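K.L.:
Could you have a look at this structure, given as structure tokens, before my questions?
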Amino acid sequence: MTTLLSDELLANIGRQSTPQRELVTRRDIRKYAIATGNRQRKYLDGDQAPPMFHVALFWDVVELDKLTPDGVSIDSLLPKFPLERAMAGGLRIDYLKPVFPGDWLTATRTLTNIYEKHGRSGPLIFYEVDMQIVNDAGEAVIREQTTRILR
Amino acid sequence: MSDLGLSEKRSLVSVRVGDALPERALTPDNVQLFLYNAALWNAHRIHFDEPYTRNVEGYPGLVIAGPMLGDWLNQCVEEWLGDSGRLLSIEYSNRAATYIGETLTSGGTVIAVDQPSGEVQVEVFVKNAAGEVVTPGIATAVMEAE
């Protein structure tokens with residue numbers, strides 16, 4: 001069976017992003033909690049960050065001319081794949097420590113796997129990205145593993 | 001929203017496999033979707049530009065952001081746990097798109113209880129109005145013994 005995955009493409013496995021360090025603020029927690037319809041007072045008041053707040057904290061803040069015409073920012077961690085249409089993916093998040101306003105958190109993303117499967121409707125490419133979030137003491141706070149599928 | 005129906009204390013010994021988590025109706029509108037994506041800095045047009053979304057991308061309406069559906073699974077588990085437990089991990093996938101104007105429902109079922117460790121596993125979902133699960137997930141929490 002032929003493969004879509006060249007050695008050059010597979011050589012990208014292990015590629016790591018520049019660590020991104022961000023400050024957790026009460027204001028940002030409040031915005032996130034309100035926008036997601038959260039109903040717990042500690043989150044609405046920004047006393048603690050709700051689960052998945054890290055999604056907002058570490059979303060790439062890109063400049064306008066770096067966005068594509070459809071408003072998407074290019075993920076510089078990823079190589080160019082021979083398939084481009086994104087299908088549903090999944091993720092797993094481990095919450096290891098609670099997050100509070102005033103915390104400085106650092107996220108590092110690693111492209112941990114690229115593989116191929118042959119579905120009934122043709123080939124699929126899977127890739128996995130692991131995001132490790134630590135505090136300034138170096139303790140693990142959140143781990144997020146994402147799998148995405150291209151067809 | 002003054003009354004969440006949060007139990008003061010849900011004790012581990014009373015939790016059984018098959019217990020249902022309270023369901024919640026979700027009716028995200030343009031304002032909520034806008035605020036969510038603004039909080040992220042997500043400018044993807046399918047979340048706010050309706051002519052583009054319909055005419056260029058071919059969707060029937062503005063698309064609810066996938067991670068917001070994931071967030072609702074987390075909320076479902078945390079509201080059920082109240083102060084008697086802590087969410088340890090969650091895994092989920094976005095299986096189908098959902099659109100502004102739909103009424104969605106979050107909920108779940110306890111699928112495993114380990115009394116010695118206090119670990120509880122919950123199968124969670126967001127369903128669309130047709131009853132199809134659009135975002136299935138599994139969450140693990142730890143509950144206090146009493």
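The values are calculated or read from the model by the stated rules, or taken from the named source; none is laboratory data. Note that the structure is predicted; figures quoted are calculated from it, not measured. Ideal geometry is used to build each Cβ from the backbone, glycine not excepted, and the neighbour counts take in all protein chains shown.
K.L.:
Any residue that is surrounded by fewer than 20 Cβ atoms within 10 Å (Cβ to Cβ), touching a Ser or Thr at 6+ places or on another chain (Cβ under 9 Å) and under 19 Å from B:Arg24 (Cα atoms) - is there at least one of those in the range B:108-125?
P.N.:
yes
K.L.:
In this structure, is A:Thr112 surrounded by fewer than 17 Cβ atoms within 10 Å (Cβ to Cβ), over 19 Å from A:Asn12 (Cβ atoms), modelled with pLDDT of 95 or more and over 11 Å from the mean Cα position of the chain (by Cα)?
P.N.:
Answer is no for this residue.
K.L.:
Would you check if there is a residue in the range A:5-15 being over 15 Å from A:Leu111 (Cβ atoms) and among the charged types (D, E, K, R)?
P.N.:
yes
K.L.:
Is it the case that some residue within the range A:121-131 is within 21 Å of A:Ile13 (Cβ to Cβ), among the β-branched types (Val, Ile, Thr) and in contact (Cβ under 8 Å) with a residue 12 or more places away in the chain?
P.N.:
yes
K.L.:
Now for a different question. Only residues that are more than 7 Å from chain A (Cβ to nearest Cβ) and crowded, with 16+ Cβ neighbours inside 10 Å: list them for the range B:85-98, please.
P.N.:
B:Gly85, B:Ala97, B:Thr98
K.L.:
Right, another one. Of all residues being part of a loop (DSSP other than H, G, I, E, B) and among the hydrophobic types (A, V, I, L, M, F, W, C) in the range B:105-146, which is nearest to B:Asn74 (Cα to Cα)? Just the residue, please.
P.N.:
B:Ala129
K.L.:
Hey, which of the helices (runs of 4 or more DSSP H) in the range A:1-66, taking only ones fully inside, have at least 1 residues that are free of Cβ contacts under 8 Å to residues at least 24 places away in the same chain and out of contact with any strand residue (DSSP E or B) (no Cβ under 9 Å at 6 or more places or on another chain)?
P.N.:
A:7-10, A:26-35, A:41-44
K.L.:
Next question, about the same structure. In the range A:84-111, what residues are in a loop (DSSP other than H, G, I, E, B), away from chain B (no Cβ under 14 Å) and farther than 25 Å from A:Ile149 by Cβ?
P.N.:
A:Phe100, A:Pro101, A:Gly102, A:Asp103
K.L.:
Something else about it: Please go through the range A:61-83 and pick out each residue that is surrounded by 15 or more Cβ atoms within 10 Å (Cβ to Cβ), within 12 Å of chain B (Cβ to nearest Cβ) and either of a type in the set (Ser, Thr, Tyr) or out of contact with any His (no Cβ under 7 Å at 6 or more places or on another chain) (or both).
P.N.:
Correct list: A:Leu67, A:Ser73.
K.L.:
Exactly one of (1) assigned to a strand (DSSP E or B); (2) within 14 Å of chain B (Cβ to nearest Cβ); (3) not small (Gly, Ala, Ser) is unmet by A:Lys117. Its number?
P.N.:
Single failed check for A:Lys117: (2).
K.L.:
A further question follows. Output the helices (runs of 4 or more DSSP H) that fall wholly within the range B:28-84 and possess 2 or more residues being in contact with a strand residue (DSSP E or B) (Cβ under 7 Å, 6 or more places away or on another chain), at the interface with another protein chain (Cβ under 8 Å from one of its Cβ atoms) and crowded, with 21+ Cβ neighbours inside 10 Å, or say none.
P.N.:
In the range B:28-84, B:66-81 are the helices (runs of 4 or more DSSP H) which contain 2 or more residues that are in contact with a strand residue (DSSP E or B) (Cβ under 7 Å, 6 or more places away or on another chain), at the interface with another protein chain (Cβ under 8 Å from one of its Cβ atoms) and crowded, with 21+ Cβ neighbours inside 10 Å.
K.L.:
Moving on. Please specify each residue of the range A:1-57 satisfying the condition of being on the phi > 0 side of the Ramachandran plot and charged (D, E, K, R).
P.N.:
none
K.L.:
May I ask you to verify whether A:Leu64 is under 24 Å from A:Thr146 (Cα atoms) and under 21 Å from the mean Cα position of the chain (by Cα)?
P.N.:
Judged against the criteria, A:Leu64 is not a match.
K.L.:
Determine whether the range A:127-136 contains at least one residue that is hydrophobic (A, V, I, L, M, F, W, C) and either assigned to a loop (DSSP other than H, G, I, E, B) or surrounded by fewer than 18 Cβ atoms within 10 Å (Cβ to Cβ) (or both).
P.N.:
no
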